[in-house]
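Note sheet for the following structure.
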Amino acid sequence: MRFSCVLLVLPFVLLGCDRAKESAGEQQPAETAASVAVEEMDGVVAWLEVSNPSEFARPDTLVSLTLNELGVTSGPLQVWQGEAPQATQLVDDDGDGQEDRLVFLTNLEAAQIRDYVIDQQDIVQDLAKRTQAEISIKEGGEWQDKVYVGGTFGNVDQVTNPPQATDHSEYIRYEGPGIESDRVGYRVYLDWRNGFDIFGKKTSDVVLQDVGQDGYDSYHEMSAWGADILKVGDSLGMGGYGYWDGEKAVRVSDVQQQSAAITANGPIYSAFRIDYAGWNTGGAVVDLSASLSMQAGSPMVDVNLHTSEPLENLAIGIVAHPGTDLIMGELDITGEAWSYMASFGEQTLFEDNLGMVLMFRKRDLIEQTRDESSYVLVMQPRGRNLSYAFGALWAGRDGEVQSREDLEAFLLQEVERRTIPPRIRLKTVASEQMNGLAPIDISIRLANSEMERRGDSLSLSGTDLFDEHAANWTYTTGLLMQAMDDLSIATGNPLYAEYARRTMDSFITDDGSIETYDADSFNIDHINSGKMLQRMYAENQDPKYRAAIDSLARQLENHPRTSEGAFWHKQRYPSQLWLDGVYMGMPFQAGVGVMEGNENKIEEAATEFVIARSHLRDPETGLYYHAWDEARVQVWADPETGRSRYVWGRGLGWFAMALVDILDVIPPEETALRKPLLAMIPELAETLVQTQDESGAWFQIMDMPGAAGNYREASATSMFTYFLAKAINEGYLPESYAQATYKAWSGLVNEFVAVHADGSYHLTNVCMVAGLGFGRDGSYRYYMSEPVVANDQKGMGPAIMAGIQVSELSN
């Protein structure tokens, strides 16, 4: 019978209930409540589960969801926990008068899970205002040279500084836009100084509306609400930005025009934007846009910088006062993890303790340095964008940090809050349009949406829209294009194959050279895209494809290996066999062996699986660890076995897909080579069934479903679904595994496939990347620290493939 996807309900929501993660190793049931019919919940648009991945409480956690992903185009919207309305706000990010995002606050105890419903009721209006952004200018007076005389202050949504305006022109109240939370406030000088200053607050009330109404002097004196507490001078002040010229930070001073606009001014989230036209850095002239935002309960300001042209060596920093301690965070971490630079000491105008903090992603840092007035971080933008955060923690406020030890404790928790955000499970009414769709139809919609999103951005000379890097020869492109090609074969629609071939062709020159490919790095990941070249060569025998295949084959001929002949993952990862590499290289290597009539290469490819099983499979659980270090010297390796310590879902997913794919290549008559591989398939399938969650999905760390921060992960679930369905289709598994396979497909769709308001299809909760070494210590926290994203090719490709195989199984 034809299999269609199950009714999309939200099996994980227990309305109005809080839960705590169960202890590590214990299975947490996915179905905690009966399904709730939508028609019984009038106006509901989504159900949401939010979990705290930390072993410490996270009060005032801000959850942000776009209206598009919620499946709606406008408000009103209100978040509820049971009968209790939650602090909710709609945000218009682009200033077009239409709301773009919903944000709400939740208080999470350690490892707590909380469930919410979002409906279309009006937002509760009696929220206490805990954030504010404003800019106030004088009106009713006149300019006399560079000073505005007379008039009164009034708040405006936007201002462009007149050309005669400068410092102390008495035109803008407290000299620029201001922003505050219930913990601290800040102002930015909208003049040539571009200084960033701190309003230390003694109260949790918003105060900016009253600051500076009587002139400049009053807020420099301590009052009941607090005061301006920082001496900025010629520095970057509190978290300011500029350009590093090799010796000093060049502030954003030499500009043609400065404008500021309030983009949000709500009870729990506020923001403003400053646009600098024609900034002369001394070496280039660019436009710069800076967006600054704050949320309730936090002293931190999130900053997003965007330049009109790529500009390296952006500088961010904090004033370097004499006698302060400079504190640097950990840098031996993964690239997307957050770290910090901070200072602490008696550095206020009132000679009391102040901690100043800059937070950044390790990948973006070029160096830490200083000039005469500032501690500086030199940063590498991603394309034309850079994101970071700054914050001040003043000892003059009751309950705020009083010592360096207090500051360091805050920093450690803030790093974890940013590196490991709350885990989100979302199901929307809009996604119910998938009800009744066959698996192949969902694969088609995923593929169509992916092509629409990416266009030719993955082709040579393109820019990957997701990581803002120039497109290059990489395994993920080959994976996605193979899925597109599979879909063309399954549907008879040439559109997908044409897209795949156009993308792959962009890297292949007429003589068969592969653009951006570096053979000397001996990176086995580079081999995976060669499988698409093998398909293309088989179709038309174009010699340029054969030449490209031969180039990749030569890499494997010279590739470093372990003493047993297993291929190293990369030259920079000596003596290491990773599960990932088995998928990346072995089906291609077997294909080269068949093409050349070289049985030794076919045998090498098959033997890699046997070696991997011998070193990475746990005989008690049947699960495979991520990697093995033959030298047993890596920080992540067990000193006795050489194995890494955790079972990473996608790592085993790569191995599982490789098992069923290589059997397409190894000729049937090679029974001796096929036999051990065929034996591994039911062995692994049984293990997968035993570790499958009740939802049908699998977890990021497969054998620790109840551990704090662990989450159901889309790419591993897609890969295992593909493995099970294809193994049944090819006769490697009996039909008795069909039920687990359909359950896996239902879990994949219900947990991870989302339909947005614009009709596009998305794959959520994909682990962006995971590896070992070079700041990646293989700990449980490391696997939790890698970003969880949507529509990554490592999930999208296998999800499309899984739908094709399940569709074939159901037919």
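Assorted remarks:
- Of the set (1) in a helix (DSSP H, G or I); (2) under 20 Å from VAL789 (Cβ atoms), all apply to LEU411 but (2).
- Qualifying residue in the stretch 636-656 (condition: small (Gly, Ala, Ser), farther than 21 Å from TYR475 by Cβ and part of a helix (DSSP H, G or I)): no
- In the stretch 625-640, the condition of being touching a strand residue (DSSP E or B) at 6+ places or on another chain (Cβ under 8 Å), modelled with pLDDT of 95 or more, closer than 19 Å to SER715 by Cα and open to solvent by less than 10 Å² (accessible area, probe 1.4 Å) is met by at least one residue.
- Listed by first and then second residue, the pairs with beta-carbon distance under 7 Å, at least 6 apart or on different chains, first residue in the stretch 631-650 and of a type in the set (Ser, Thr, Tyr), second assigned to a helix (DSSP H, G or I), are TYR646/TYR780; TYR646/TYR783.
- Among the conditions (1) open to solvent by 40 Å² or more (accessible area, probe 1.4 Å); (2) part of a helix (DSSP H, G or I); (3) free of Cβ contacts under 8 Å to residues at least 40 places away in the same chain; (4) out of contact with any helix residue (DSSP H, G or I) (no Cβ under 6 Å at 6 or more places or on another chain), the only one that SER551 does not satisfy is (1).
- Hits in the stretch 739-760 - residues which are touching a helix residue (DSSP H, G or I) at 6+ places or on another chain (Cβ under 8 Å), open to solvent by 10 Å² or more (accessible area, probe 1.4 Å) and over 27 Å from ILE420 (Cβ atoms): ALA740, TYR742, ALA757, ASP758, SER760
- Residues within the stretch 108-148 that are of a type outside the set (A, V, I, L, M, F, W, C), assigned to a strand (DSSP E or B) and surrounded by 15 or more Cβ atoms within 10 Å (Cβ to Cβ), tallied: 10
- Within the stretch 500-531, the set of residues being assigned to a loop (DSSP other than H, G, I, E, B), of a type in the set (S, T, N, Q) and in contact (Cβ under 8 Å) with a residue 40 or more places away in the chain comprises SER506, THR516, ASN523, ASN528, SER529.
- Where a residue in the stretch 664-675 is at negative phi and touching a residue at least 60 places away in the same chain (Cβ under 8 Å) and its partner, wherever it lies, is part of a loop (DSSP other than H, G, I, E, B) and surrounded by 13 or more Cβ atoms within 10 Å (Cβ to Cβ), with Cβ under 6 Å and at least six apart: LEU673/ILE666; ARG674/ILE666
- Of all the residues in the stretch 181-235, those that are open to solvent by 10 Å² or more (accessible area, probe 1.4 Å), farther than 20 Å from LEU354 by Cα and not aliphatic (A, V, I, L, M) number 12.
Yes/no per residue for (1) assigned to a strand (DSSP E or B); (2) within 21 Å of ALA261 (Cβ to Cβ):
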site	(1), (2)
VAL159	yes, yes
ALA165	no, yes
HIS168	no, no
ILE179	yes, yes
GLY185	yes, yes
ILE198	yes, no
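- Here the strands (runs of 3 or more DSSP E) wholly within the stretch 207-300 that include at least 3 residues being farther than 19 Å from SER169 by Cα and either without any contact (Cβ under 8 Å) to a residue 40 or more places away in the chain or in contact with a Cys (Cβ under 6 Å, 6 or more places away or on another chain) (or both) are 269-280, 285-295.
The values are calculated or read from the model by the stated rules, or taken from the named source; none is laboratory data. Since we're looking at a predicted model, the values are computed, not measured. Reconstructed Cβ throughout: ideal geometry from the backbone, glycine too, with neighbour counts over all protein chains shown. These area figures cover heavy atoms from the full protein model, side chains too; ligands, DNA and RNA do not enter into them. Shrake-Rupley method; radii C 1.70, N 1.55, O 1.52, S 1.80 Å.
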